[in-house]
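One structure is given below, encoded as structure tokens.
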Amino acid sequence: MADIAPFAGLRYNLPQVGGLQQVVAPPYDVITPDEQAALYERHPANVVRLILGKELPGDDGQNRYTRAAACLEEWLRDGVLLREKDPALYLCRMEYEDAEGAFRALTILYCQLRLEALGAGGVLPHEATLSGPKEDRLRLLRATRTNLSGVFCLVSDPNAVLEQLCAERTARPPLGSATDIWGVRHRLWVETDPSIAAAARAFLQEKPLFIADGHHRYETALRYRDEVRAANGNRPGPWDWTLVAIAALESPGITVLPTHRVVREVAPAQLNTFLERARDLFAVEPAGDLSELLACMRDEQAAGRHAFGVFHADEGFHLLRLTAPERADALLDPVRAPAWRQLDVALLHGIIIEHLLGVSSEQAMQSGQIGYLKDAAQCVRQVEAGEFQAALFLNPTPPEAVKEVALAGEKMPQKSTYFFPKLLSGLVMRPVY
């Protein structure tokens, strides 16, 4: 099971930089070019210079990875970043209002986790990875020798053991706070009490961790560990661990948002007869607009039924409610575990995209035939503009499904989950030296 420990982290010298708000950033993979530019302007020591440095004309030996390493060295030398004197756990409380205006809060425990092969028992993935992002993060880790961002992990904790363990600490004034671009407030505490670390470690040693976000970073840490071991005679060291941020899977503070699909280059015959052929497996009902469609989908999911939304410029909005689950299941890969075959995203790709629209999901991902968007309204705009032929809308994947799929040894299709709120980069970093 999972083996965690406190560590002496790198933190910003908040009096010197003017507070956390000036120096933190969203995860590197959700930062747009405009947001990157704004973060550069916000503060000369904003963490974006480490996690997502600009690519400059003429980059060769001096590139964004070596510039990140140079920034890190300079900030440590100048006292912009300080290293904790004693091993510590780092606690973060994230507070926000959801889409319905309800208050939500999520407690995060930052610690170091002993690396092990994915799926060996202690750390379980739920999503496949791509080679490009892994190579990018590996080059950055080699250059900086620092875990700049944590791997977001979930643990099954129905009795809120971790929440209770952290409650007394997070009731005190925080070390610092920041509000992200989504309006989520993040507050940070440092906990050096060895008894708290021992209690957290004892609890987590009995539990597997499920990676929510950061599969690429975890696999990169494994590869870096193996490189260092090969070069130093297999000696143990800080490279045997990586930075993680752990939350309770059952926490009401976790929101999973859907990633919708848009498709193009569909054969006209397939598209024109799509709704008619869909009636073999689905009840197909028109919806007046996007809001009505999404509300109907939510109601169907609450009732335990699989439902999807479709928008085509010539046909408008339609709700597809699965009415023949056995026949639909027979169209999916029989080798896959039942937990995987029950995923809305698996049904969407296997039944709607591949069987009904005749589009190969794997090839389409590489060619751009399928687009992935968080904003449902943007999907509609792209179809109306003629950039794509149809939009396909999904309900969010329940957090419990991540656990079930991972325990079954399966991996979800790409873009199956979008966990919210996102961890801020820059709260704490972990040296790997």
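Which of the residues belonging to the range 276-297 are in a helix (DSSP H, G or I) and either farther than 13 Å from Leu320 by Cβ or within 33 Å of the chain's Cα centre (by Cα) (or both)?
Ala278, Leu290, Ser291, Glu292, Leu293, Leu294, Ala295, Cys296, Met297 - these are the residues of the range 276-297 that are in a helix (DSSP H, G or I) and either farther than 13 Å from Leu320 by Cβ or within 33 Å of the chain's Cα centre (by Cα) (or both).
Just one of the numbered conditions (1) of a type in the set (A, V, I, L, M); (2) touching a residue at least 40 places away in the same chain (Cβ under 8 Å); (3) over 23 Å from Ala99 (Cα atoms) is not true of Val284; which one?
Failed condition: (2).
With in a loop (DSSP other than H, G, I, E, B) and in contact (Cβ under 8 Å) with a residue 60 or more places away in the chain as the only criterion, which of Ala2, Ala68 stands out?
Values: Ala68 fails: in a loop (DSSP other than H, G, I, E, B).
Only one candidate qualifies: Ala2.
Please work out if Ala99 is over 25 Å from Val151 (Cβ atoms) and either under 18 Å from the mean Cα position of the chain (by Cα) or not polar (S, T, N, Q) (or both).
In short, yes.
Leu332 passes all but one of (1) free of Cβ contacts under 8 Å to residues at least 24 places away in the same chain; (2) touching a strand residue (DSSP E or B) at 6+ places or on another chain (Cβ under 9 Å); which number fails?
So the condition that Leu332 fails would be (2).
Got a sec? Which of Leu76, Leu82, Leu72, Leu89 is farther than 21 Å from Gln16 by Cα and not charged (D, E, K, R)?
Leu89
Select from the range 384-433 the residues that are of a type in the set (D, E, K, R) and over 16 Å from the mean Cα position of the chain (by Cα) and write down the one among them that is nearest to Leu130 (Cα to Cα).
Ranking the candidates gives Glu410 first.
Quick grid of which residues meet (1) more than 28 Å from the chain's Cα centre (by Cα); (2) of a type in the set (S, T, N, Q); (3) surrounded by fewer than 16 Cβ atoms within 10 Å (Cβ to Cβ); (4) closer than 16 Å to Ala143 by Cβ:
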position: Arg11; (1), (2), (3), (4): no, no, no, no
position: Gly18; (1), (2), (3), (4): yes, no, yes, no
position: Val23; (1), (2), (3), (4): no, no, no, no
position: Pro44; (1), (2), (3), (4): no, no, yes, no
position: Val80; (1), (2), (3), (4): yes, no, no, no
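Which one of Asp240, Asp180 is acidic (Asp, Glu) and either out of contact with any helix residue (DSSP H, G or I) (no Cβ under 9 Å at 6 or more places or on another chain) or free of Cβ contacts under 8 Å to residues at least 24 places away in the same chain (or both)?
Checking each option against the conditions leaves just Asp180.
Of all residues being aliphatic (A, V, I, L, M) and exposed (fewer than 13 other Cβ atoms within 10 Å of the Cβ) in the range 260-283, which is farthest from Pro413 (Cα to Cα)? Just the residue, please.
Ala269
Restricting attention to the range 297-344, report how many residues are more than 18 Å from Val405 (Cα to Cα) and among the polar types (S, T, N, Q).
Final tally of qualifying residues: 2.
Return a yes/no flag: does the range 323-330 have any residue that is surrounded by fewer than 19 Cβ atoms within 10 Å (Cβ to Cβ), of a type outside the set (A, V, I, L, M), closer than 30 Å to Arg381 by Cα and in contact with a Leu (Cβ under 9 Å, 6 or more places away or on another chain).
So far as the range 323-330 goes, yes, one or more of its residues are surrounded by fewer than 19 Cβ atoms within 10 Å (Cβ to Cβ), of a type outside the set (A, V, I, L, M), closer than 30 Å to Arg381 by Cα and in contact with a Leu (Cβ under 9 Å, 6 or more places away or on another chain).
Pairs only if they're at least six apart or on different chains, beta carbon under 8 angstrom, first in the range 196-208 and more than 15 Å from Cys153 (Cβ to Cβ), second at pLDDT 95 or above and surrounded by 16 or more Cβ atoms within 10 Å (Cβ to Cβ); list them, first residue then second.
Ile196/Leu89; Ala197/Pro6; Ala197/Leu89; Ala197/Cys111; Ala197/Glu191
For the range 89-107, what are the residues that are surrounded by fewer than 17 Cβ atoms within 10 Å (Cβ to Cβ), at pLDDT 95 or above and of a type in the set (A, V, I, L, M)?
Within the range 89-107, Ala105 is the sole residue that qualifies.
Of all residues in the range 25-63, count the ones that are hydrophobic (A, V, I, L, M, F, W, C), outside any helix (DSSP H, G or I), in contact (Cβ under 8 Å) with a residue 40 or more places away in the chain and more than 25 Å from Lys415 (Cα to Cα).
Total satisfying the criteria: 1.
Quick grid of which residues meet (1) under 19 Å from the mean Cα position of the chain (by Cα); (2) within 26 Å of Leu407 (Cβ to Cβ); (3) surrounded by fewer than 16 Cβ atoms within 10 Å (Cβ to Cβ):
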site	(1), (2), (3)
Leu56	no, no, yes
Asp60	no, no, yes
Tyr65	no, no, no
Ala68	no, no, no
Pro87	no, no, yes
Leu109	yes, yes, no
Glu127	yes, yes, no
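The rows are residues; the columns are (1) in a helix (DSSP H, G or I); (2) in the same structural domain as Ala390 (by TED's automatic domain parsing); (3) modelled with pLDDT of 95 or more.
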{"residue": "Gly183", "(1), (2), (3)": "no, no, yes"}
{"residue": "Leu188", "(1), (2), (3)": "no, no, yes"}
{"residue": "Glu206", "(1), (2), (3)": "no, no, no"}
{"residue": "Tyr218", "(1), (2), (3)": "yes, no, yes"}
{"residue": "Arg223", "(1), (2), (3)": "yes, no, yes"}
{"residue": "Leu243", "(1), (2), (3)": "no, no, yes"}
{"residue": "Ala247", "(1), (2), (3)": "no, no, yes"}
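The values are calculated or read from the model by the stated rules, or taken from the named source; none is laboratory data. Just so we're clear, the structure is a prediction, and the values are computed from it rather than from any experiment. Note: ideal-geometry Cβ built from the backbone for every residue, glycine included; neighbour counts use all protein chains shown.
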